[in-house]
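So the structure is just underneath, and the comments pick up after that.
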4 protein chains.
Amino acid sequence: MKPSADSRSDYFWFTQMSTKFQDNDIYGHLNNNVHSQFIDNAVNLFLHQEGGLDMANGPIIGLIVNSGCDYFKELGWPEHQNIDIGVRVNKIGRSSVQYAAALFAEGDEAAAAQGHFTHVWIDRESRDAVEIPAALRQAMESVLPKND
Amino acid sequence: MKPSADSRSDYFWFTQMSTKFQDNDIYGHLNNNVHSQFIDNAVNLFLHQEGGLDMANGPIIGLIVNSGCDYFKELGWPEHQNIDIGVRVNKIGRSSVQYAAALFAEGDEAAAAQGHFTHVWIDRESRDAVEIPAALRQAMESVLPKND
Amino acid sequence: MKPSADSRSDYFWFTQMSTKFQDNDIYGHLNNNVHSQFIDNAVNLFLHQEGGLDMANGPIIGLIVNSGCDYFKELGWPEHQNIDIGVRVNKIGRSSVQYAAALFAEGDEAAAAQGHFTHVWIDRESRDAVEIPAALRQAMESVLPKND
Amino acid sequence: MKPSADSRSDYFWFTQMSTKFQDNDIYGHLNNNVHSQFIDNAVNLFLHQEGGLDMANGPIIGLIVNSGCDYFKELGWPEHQNIDIGVRVNKIGRSSVQYAAALFAEGDEAAAAQGHFTHVWIDRESRDAVEIPAALRQAMESVLPKND
């Protein structure tokens, strides 16, 4: 039951991030934690730009409760100085949401890696779970796959 | 089917790592990619110390093909300046192995986060999958749960 | 006018930090930005532990206006899994202070690298320079070289 | 003798790098080590693209022996998602070279931070200092200020 690589058309919002030589590890390729950082950052950038999320001062925060990633192709600096990251939402609940995101080398149709993680939204002060606010929910729904 | 936190007795080799204020993110706690770095580093340190793995120059390298993590309790600097990381092996195949590792706050019996990842061992030059060498396999077997 | 390496006796407060294989760069040694992170973190840990600095919520913050570092000996993982960092203060003004800090391999008397940086203390909200509060100043004075 | 911020016209080669929310520190701005990473990376990208430097496998490596940076304006995510980095060379010797590089917010003429560092070029195996090869030297000379 080996997973297969997604393609660009499986994602509905894209951003691009640059790599640094410091992102390579001892084996000469992007260390796997760079993938996680890109995925986490792409989703939060999406939520900021499309849903108005204010990570620094907003009343709610998204707490990651689990995450996972499949890796298909090694990426590295300087071969891959810019990486495209696609974002979608897999499912939305009352206070939790699961995102998926994938890294694409420029020119590649197939993902080099694809990951997912779940946010539980909580009140910044009380730390209690909260209902996902309308503006964020609307942004999330805009990147849900249709007819799924 | 929410996962529950492992305890220290579920792991069979331990190391300790220090946190930095730069590991905290915008929410004031360790960013989730720090957990991944600690888990990946703990396993490789174990393989180096117990199985003789030479990441810089050895003939084989462990390629991560998938990873996952569950988070139970937020960690942060300076409250948690040192984190204990426990390592075990879940299963060993011919050329692949799945590890599990967990982060523990000092004094805590329950894991703050627990993750797993799978290495496929390949030849550094040809990139072909190779059988796990005896010294590494012996180290891995030493942290397999008994009677499982 | 090549600088020479300081020794441990040039510093008056010490902490220890662990390295990870991800801290190594493409050349197999700790990337130079790791030194900066360790230096910055060691000074802030000192200010927190000895002067009560609350980085997350305190009314003032230390803004770095300049920094510099000299490198004498390469450090790397796994040869150097723990690094000792020594801290001192070079000079204290009304609202600014220059620190020095150095990295020592375990067992070495001579610094592998030594750096310095200057904090200007500002109000967290107004961003105006403020006088260094008594508790922080007292901590800083405790690591000033005598008879200098 | 406070330094003043350089302008874009003080630099002769430019690249752009993206920031991540994980680059922000506890104070909500880019941690100062991110500046160092960007500067180090920009210079090496320049040497790779313009001088053919092969960091992974080339016969020589550039060892940083000192570095310094002045900071003028705070940068942060998501306000500054892309940073322009300008590169120049201050002076070239037989085997050593001092670079300068600066970070510019998009639309800003004045540097947010400017740094410098010195490479001593050594043989990858013997670790002896070597004369800077012609292709690298030519690239370096192309970003030396004229009539200075």
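Residue by residue along D:116-125, Cβ atoms of other protein chains within 10 Å of the local Cβ number 1 on average.
From the alpha carbon centroid of the stretch C:114-148 to that of the stretch D:39-98 is 30 Å. Here the contact order of the stretch B:8-142, divided by its residue count and restricted to Cα pairs under 8 Å and six or more residues apart, works out to 31 percent. Over the stretch B:78-148, Cα pairs under 8 Å with separation of 6+ residues give a relative contact order of 30 percent. Each label was represented as a point 7 Å from its Cα along the Cα-to-Cβ direction; for C:Ser7 and D:Ala56 these points are 4.5 nm apart.
Please give the residues of the stretch A:87-124, grouped as numeric ranges, whose backbone N is less than 18 Å from a label point set 7 Å along the Cα-to-Cβ vector of A:Phe14. Residues passing the 18 Å test: A:87-89, A:100-115. Using the Stokes-Einstein relation with a Kirkwood hydrodynamic radius computed over Cα pairs, the translational diffusion coefficient of the stretch A:57-131 at 25 °C and a viscosity of 0.890 mPa s comes to 175 µm²/s. Peptide A:69-82 is shielded by partner chain Cβ atoms: per residue, an average of 4 of them sit within 10 Å of its Cβ. Taken along the Cα-to-beta-carbon direction at a fixed 7 Å, the label points for D:Glu109 and C:Glu106 span 5.5 nm. Under the classification rounded if a/c is under 1.5, otherwise prolate if a/b is larger than b/c and oblate if not, where does the protein assembly as shown fall, given a ≥ b ≥ c as square roots of the Cα gyration tensor eigenvalues? Since a/c stays below 1.5, the shape of the protein assembly as shown is classed as rounded.
Between this copy and the others, label points of C:Asp10 are 2.8, 4.8, 5.5 nm apart in ascending order, each placed 7 angstrom from Cα in the Cβ direction.
For the stretch C:17-148, the Kirkwood estimate of the hydrodynamic radius, built from every pair of different alpha carbons, is 15.6 Å. Placing a label point 7 Å from the Cα of D:Ser142 along the Cα-to-Cβ direction, the residues of the stretch D:95-119 with a backbone N closer than 19 Å are D:97-102. Counting from the shortest, the label point at C:Leu144, 7 Å from Cα toward Cβ, is 4.5, 6.4, 6.4 nm from the same position in each remaining copy. Multiplying each eigenvalue of the alpha-carbon gyration tensor of the stretch C:1-70 by 5 and taking the square root yields semi-axes of 25, 17, 14 Å, largest first, rounded to whole angstroms. Neighbour counting of Cβ atoms within 10 Å sorts the residues A:Ile83, B:Ile26, fewest neighbours leading, into B:Ile26, A:Ile83.
Shielding of peptide B:4-13 by partners, expressed as the average count of other chain Cβ atoms within 10 Å per residue Cβ, is 0. Taking chain B as the reference, fit the longest principal axis to its C-alpha atoms, fit the long axis of helix B:32-51 to the helix C-alpha atoms, and give the angle between the two in degrees, 0 to 90, nearest 10. For helix B:32-51, the angle is close to 40 degrees.
Beyond 23 Å in Cα-Cα separation lie the following of the pairs B:Lys20/C:Lys2; B:Lys20/B:Lys91; D:Lys2/D:Lys73; A:Lys2/B:Lys91: B:Lys20/C:Lys2; B:Lys20/B:Lys91.
Taking the label point 7 Å along Cα→Cβ, A:Asn82 and its counterparts in the other copies are spaced 0.7, 4.6, 4.7 nm apart, in ascending order. Overall, the stretch C:1-100 carries a charge dipole of about 300 debye about its Cα centre when +1 sits on the Cβ of Lys and Arg and -1 on the Cβ of Asp and Glu, all other atoms neutral.
Applying the Karplus relation 6.51 cos²θ - 1.76 cosθ + 1.60 with θ = phi - 60° to the stretch A:117-134 yields 3J(HN,Hα) values of 7, 10, 9, 9, 8, 10, 5, 4, 8, 6, 6, 7, 5, 10, 5, 5, x, 4 Hz, where x marks Gly and Pro. Distance from the D-onto-C rotation axis is smallest for the Cβ of the chain D residue given, in whole Å, as D:Gly68, 2.
Each value in this text was obtained by applying a stated rule to the coordinates, not by laboratory testing. Here the structure is a predicted model, which is why all the values come from computation and not from measurement. A quick note on method: Cβ atoms are made from the backbone with ideal geometry, for glycine too, and the neighbour counts reach across all protein chains shown.
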